[in-house]
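Since the structure comes first, as structure tokens, the remarks are kept for the end.
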């Protein structure tokens, strides 16, 4: 709505629906649990459990799957109108030029930083009694994530880290379809949502569906609500011990089914239809559990395949370089030299051998060559 006149904007807001007031949480979900939904929730639990098994049994999954986190940042930001690809972000981090504006690239990197901050700050629910535990999942952390998300990018003037002071609206170029919770009630609703994070009398996958929808209906910030709402999904799963690391993402599913995503969310406020939304959300958990498990297994298989090639190279630095590659599928020789603290001659000797082994391809530049791991990128983009 940014390109319309002030007069038209005032007119639209006058005709907008009143601020919505969702039911407070927890509400009675007994009547929502149709036989189909119960069956679907069991299937979702099994699918996510399979993915959890991979994470539990894989050494350092955060390192191995870090490009998937970057891909999630790309896809979640794409839902908000960015156009950068995973390769754009990786090239930018390698110091290479891209056709994407720096502000857009920073938006995506901020998303990843916000997730990392939350991971560094919270402890799972069942570990909070430990002397060395960190913090529970709270409004405070959500606000901190929001401040990181909007740091020095589009939306940075819209009070990063603070709840809205003015009424916000959801709509298109020339219409308002939904008016979120009023600023006056936002603190109260978010406190209620925070309390619900710790509620343990419901299937946590259904609970996650309710949390995401409730957050989007509250729309507590002036900007960035969609991205924070999507970040809450893996964080909640991690916080409640559903997965051992917050490496489970729904943005790909939401992007592929954007119209259905918007329709089912809107159907809650319009018709109090939670069943369709929860069904859609659980279907997404199943789809993305299968996708994430397949992708993660393929990444692990590729890592082991490359690792076996190191037997013929016989260098102390081979595994550190391989780990670096799986964190940075596009990188420069300068980056790698700084990371592993080895001599240029050692690094270039090993990189050239990796090119010969079809682990990497490289640019033709004589200085600060760029190296790419196409097989890893292919898996991540699949």
> Which one of the conditions (1) buried (at least 16 other Cβ atoms within 10 Å of the Cβ); (2) out of contact with any strand residue (DSSP E or B) (no Cβ under 9 Å at 6 or more places or on another chain) does residue 97 fail to meet, given that it meets all the rest?
Replying inline: (1)
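Filter region 221-241 down to residues that are part of a loop (DSSP other than H, G, I, E, B) and in contact with a helix residue (DSSP H, G or I) (Cβ under 6 Å, 6 or more places away or on another chain) and give me whichever is farthest from residue 45 (Cα to Cα). Full working, then the answer.
Narrowing region 221-241 to residues part of a loop (DSSP other than H, G, I, E, B): 221-224, 240-241.
Add one more test, that the residue is in contact with a helix residue (DSSP H, G or I) (Cβ under 6 Å, 6 or more places away or on another chain), and what stays is 221, 224, 240-241.
Values: 221: 32, 224: 29, 240: 14, 241: 13 Å.
The extreme case among them is 221.
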> Here are some conditions: (1) in contact (Cβ under 8 Å) with a residue 24 or more places away in the chain; (2) in a loop (DSSP other than H, G, I, E, B); (3) within 29 Å of residue 71 (Cα to Cα). Residue 180 meets all but one. Which one does it not meet?
Replying inline: (3)
> Taking region 344-357, which residues are under 15 Å from residue 318 (Cβ atoms) and touching a helix residue (DSSP H, G or I) at 6+ places or on another chain (Cβ under 8 Å)?
Replying inline: 347, 348, 350, 351, 353, 354, 357
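Considering only residues that are assigned to a loop (DSSP other than H, G, I, E, B) and either at pLDDT 95 or above or surrounded by fewer than 22 Cβ atoms within 10 Å (Cβ to Cβ) (or both), which ones fall in region 58-81?
If we filter region 58-81 for residues that are assigned to a loop (DSSP other than H, G, I, E, B), which is where we start, we get 58-60, 65, 79-81.
If the condition is that a residue be assigned to a loop (DSSP other than H, G, I, E, B) and either at pLDDT 95 or above or surrounded by fewer than 22 Cβ atoms within 10 Å (Cβ to Cβ) (or both), then 58, 59, 60, 79, 80, 81 are the ones that fit.
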> Among the residues of region 306-324, is there at least one that is in contact with a strand residue (DSSP E or B) (Cβ under 8 Å, 6 or more places away or on another chain) and farther than 20 Å from residue 72 by Cβ?
Replying inline: yes
>> Tell me the residue from 110, 91 that is touching a strand residue (DSSP E or B) at 6+ places or on another chain (Cβ under 6 Å) and either at pLDDT 95 or above or closer than 28 Å to residue 307 by Cα (or both), please.
In response: 91
>> Among the listed residues 269, 283, identify the single one that is within 19 Å of the chain's Cα centre (by Cα) and in contact (Cβ under 8 Å) with a residue 24 or more places away in the chain.
In response: 283
> Is it the case that residue 218 is buried (at least 22 other Cβ atoms within 10 Å of the Cβ) and either closer than 18 Å to residue 167 by Cβ or in contact with a helix residue (DSSP H, G or I) (Cβ under 9 Å, 6 or more places away or on another chain) (or both)?
Replying inline: yes
>> Conditions first: (1) within 29 Å of residue 325 (Cβ to Cβ); (2) surrounded by fewer than 16 Cβ atoms within 10 Å (Cβ to Cβ); (3) out of contact with any helix residue (DSSP H, G or I) (no Cβ under 7 Å at 6 or more places or on another chain). Residue 52 passes all but one, so which condition is the exception?
In response: (2)
>> Of the conditions (1) closer than 30 Å to residue 211 by Cα; (2) in a loop (DSSP other than H, G, I, E, B), residue 265 satisfies every one except a single condition; which number is it?
In response: (2)
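So which helices (runs of 4 or more DSSP H) are wholly in region 325-381 and hold at least 2 residues that are within 26 Å of residue 292 (Cα to Cα)?
Values: elements: 333-340, 344-356, 374-381.
Per the criteria, 374-381.
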> What is the number of the single condition among (1) surrounded by 15 or more Cβ atoms within 10 Å (Cβ to Cβ); (2) in contact with a helix residue (DSSP H, G or I) (Cβ under 6 Å, 6 or more places away or on another chain); (3) part of a helix (DSSP H, G or I) that residue 255 does not meet?
Replying inline: (1)
> Looking at (1) at pLDDT below 95; (2) not in a helix (DSSP H, G or I), which is the one condition that is false for residue 164?
Replying inline: (1)
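With out of contact with any helix residue (DSSP H, G or I) (no Cβ under 7 Å at 6 or more places or on another chain), under 26 Å from residue 178 (Cβ atoms), touching a residue at least 12 places away in the same chain (Cβ under 8 Å) and assigned to a loop (DSSP other than H, G, I, E, B) as the only criterion, which of 22, 17, 26 stands out?
On the way: 22 fails: out of contact with any helix residue (DSSP H, G or I) (no Cβ under 7 Å at 6 or more places or on another chain); 26 fails: out of contact with any helix residue (DSSP H, G or I) (no Cβ under 7 Å at 6 or more places or on another chain).
Testing whether each residue is out of contact with any helix residue (DSSP H, G or I) (no Cβ under 7 Å at 6 or more places or on another chain), under 26 Å from residue 178 (Cβ atoms), touching a residue at least 12 places away in the same chain (Cβ under 8 Å) and assigned to a loop (DSSP other than H, G, I, E, B) leaves just 17.
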> Quick one: what pairs do we get from region 77-106, first residue free of Cβ contacts under 8 Å to residues at least 24 places away in the same chain and at negative phi, second exposed (fewer than 15 other Cβ atoms within 10 Å of the Cβ) and assigned to a helix (DSSP H, G or I), C-beta under 7 Å, 6+ apart or different chains?
Replying inline: none
> Can you tell me which residues in region 139-163 are closer than 20 Å to residue 196 by Cβ and buried (at least 17 other Cβ atoms within 10 Å of the Cβ)?
Replying inline: 141, 142, 143, 144, 145, 146, 163
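The values are calculated or read from the model by the stated rules, or taken from the named source; none is laboratory data. Given the structure is predicted, the values throughout are model-derived calculations rather than measurements. Please note: Cβ atoms are built from the backbone with ideal geometry, for glycine as well, and neighbour counts cover all protein chains shown.
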